[in-house]
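This report concerns only the one structure given below.
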Amino acid sequence: MYKKIFLLCAVLIMVSVQVHSQEQVAGYDKSANSFTQYRNIYKFSLSEFTRNTFQMGYERFVAPSTSLYFIAGLTSKDNNNDNIFGIKTELQLKIHAYTSARGKVMHRLYFAPYVMNHYLDTELTEWVYDNSGSHQVKISDSYDAIGTGVMFGWSFSFAKRMNIDVFTGGGIRRTIGSGNNSNDGVWNYSYSGITPRFGIDVGFLF
């Protein structure tokens, strides 16, 4: 059921963007600032490195104040204690509510509803206490996490083609199929519930 909801949200976003872009893309102003000639941004996330994830993104402006941002990431951790592998995807519809272009810099303020999915296989080491004392055991698990919410951010373009994106926000996350990994911490991979979001992306306009 949750996968159907996720797919439905993605389809609704795509349809709304298609309608919006048909109305506005013809009026895309390339003369306002040198940055507006570029309608694509390639990005990678600095903050996701702290969660063992290499994450890249592609943002496409479909209108002067509207863009689609598709994200894909690979989660990997392999050591003596924990083994984690995962694939993350996310789609954002970014509405730029304010744009200021002056000379060689451009500032954009935006909000962005999103839908996401994160599939993970984990093998974690945990301490178990029983009659024989304490010892370590390996607990294996695999699950899907899906979620939706809203991001708020500041996008700063400079040096002709460089871009920095700082954002925060939050939403709701539901983990499906998590049987063994019951850690309820908000930063745990198997967490279900209300979750905060914040981070920094570095990008290149083209």
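Observations
- Residue that is surrounded by the fewest Cβ atoms within 10 Å (Cβ to Cβ) [pool: residues in region 79-115 that are under 22 Å from TRP187 (Cβ atoms) and touching a residue at least 60 places away in the same chain (Cβ under 8 Å)]: ILE84
- Residue among GLY179, GLY199, GLY170, GLY203 that is of a type in the set (Gly, Ala, Ser), surrounded by fewer than 16 Cβ atoms within 10 Å (Cβ to Cβ) and either in a strand (DSSP E or B) or at pLDDT 95 or above (or both): GLY170
- Residue-level check: of (1) touching a helix residue (DSSP H, G or I) at 6+ places or on another chain (Cβ under 9 Å); (2) at pLDDT 90 or above, LYS104 misses just (2).
- Subset of region 116-148 (residues that are surrounded by 11 or more Cβ atoms within 10 Å (Cβ to Cβ), β-branched (Val, Ile, Thr) and touching a Ser or Thr at 6+ places or on another chain (Cβ under 9 Å)): THR122, VAL128, ILE139, ILE146
The values are calculated or read from the model by the stated rules, or taken from the named source; none is laboratory data. Bear in mind that the values here come from a model prediction, so they are computed numbers and not experimental data. Cβ coordinates were reconstructed from backbone atoms using ideal geometry, including for glycine residues, and neighbour counts include every protein chain displayed.
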